[in-house]
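A.B. asks: Sharing a structure here in structure tokens format.
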Amino acid sequence: MQGALTRNGSLDGRAAFDIDLPDDCRMTTKGFMVDYQVFKVTCGKGDYAGVYVGNFGDETVPRSRTLRTQFGWPTQVQVWSNIVPGDQARADAIAASVRLRALK
């Protein structure tokens with residue numbers, strides 16, 4: 001299965017995309033689930049954006065877009081911005097910065 005592989009050959013959804021994170025923001029994940037990963041972007045105490053990496057994203061998620069890959073896993077990188085009163089433009093910009101990596 002070709003796709004988002006780390007140097008040691010294990011699957012890692014983070015290898016599938018790039019994101020522009022402001023200095024005061026960080027991205028975390030609860031790890032690899034059955035066949036997907038979900039990442040959360042936090043700035044200060046608020047959740048600004050999310051990224052799903054897997055094969056079966058949820059097209060009904062508000063404020064989201066899905067990027068389709070050419071690989072066996074993941075076939076989708078779905079990104080969304082959360083509603084952040086007073087800082088919505090920043091949340092939208094973080095989500096818009098997500099782009100697919102050229103995987104080998």
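The values are calculated or read from the model by the stated rules, or taken from the named source; none is laboratory data. These numbers were taken from a predicted model, which means no experiment stands behind them. Cβ placement follows ideal geometry from the backbone for every residue including glycine, while neighbour counts extend to all protein chains displayed.
A.B. asks: If I go through region 59-92 residue by residue, how many of them are within 23 Å of PRO22 (Cβ to Cβ), in contact (Cβ under 8 Å) with a residue 40 or more places away in the chain and small (Gly, Ala, Ser)?
C.D. replies: 1
A.B. asks: Among the residues of region 59-74, which ones are hydroxyl-bearing (Ser, Thr, Tyr) and either over 13 Å from the mean Cα position of the chain (by Cα) or crowded, with 19+ Cβ neighbours inside 10 Å (or both)?
C.D. replies: THR60, THR69
A.B. asks: Within region 87-104, can you find the residues that are modelled with pLDDT of 95 or more and part of a loop (DSSP other than H, G, I, E, B)?
C.D. replies: Result: ASP87, SER97, VAL98.
A.B. asks: Considering only region 61-76, state which residues are in a loop (DSSP other than H, G, I, E, B) and either of a type in the set (S, T, N, Q) or at pLDDT 90 or above (or both).
C.D. replies: Once the filter is applied, which keeps residues that are in a loop (DSSP other than H, G, I, E, B) and either of a type in the set (S, T, N, Q) or at pLDDT 90 or above (or both), region 61-76 yields VAL61, PRO62, ARG63, THR69, GLN70, PRO74, THR75.
Residue-wise test of (1) exposed (fewer than 15 other Cβ atoms within 10 Å of the Cβ); (2) under 13 Å from the mean Cα position of the chain (by Cα).
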| residue | (1), (2) |
| --- | --- |
| GLY50 | no, yes |
| GLY57 | no, yes |
| ILE83 | yes, no |
| GLN88 | yes, no |
| ARG101 | yes, yes |
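A.B. asks: Looking only at region 23-55, filter to residues that are hydroxyl-bearing (Ser, Thr, Tyr) and modelled with pLDDT under 95; which one of those is nearest to SER81 (Cα to Cα)?
C.D. replies: THR29
A.B. asks: Another question about this same structure. For VAL79, state whether it is surrounded by 15 or more Cβ atoms within 10 Å (Cβ to Cβ), assigned to a loop (DSSP other than H, G, I, E, B), out of contact with any Ser or Thr (no Cβ under 6 Å at 6 or more places or on another chain) and at pLDDT 95 or above.
C.D. replies: For VAL79, the condition - surrounded by 15 or more Cβ atoms within 10 Å (Cβ to Cβ), assigned to a loop (DSSP other than H, G, I, E, B), out of contact with any Ser or Thr (no Cβ under 6 Å at 6 or more places or on another chain) and at pLDDT 95 or above - is not met.
A.B. asks: For region 1-22, what are the residues that are at pLDDT below 55, surrounded by fewer than 17 Cβ atoms within 10 Å (Cβ to Cβ) and closer than 18 Å to ASP35 by Cα?
C.D. replies: Within region 1-22, MET1, GLN2, THR6, GLY9 meet the criteria.
A.B. asks: So the check is Cβ under 7 Å with 6+ separation or different chains; which pairs have a first residue in region 9-25 that's assigned to a loop (DSSP other than H, G, I, E, B) and a second one that's modelled with pLDDT of 90 or more and of a type outside the set (A, V, I, L, M)?
C.D. replies: ILE19/SER97; ASP20/SER97; PRO22/CYS43; ASP24/CYS43; ASP24/GLY44
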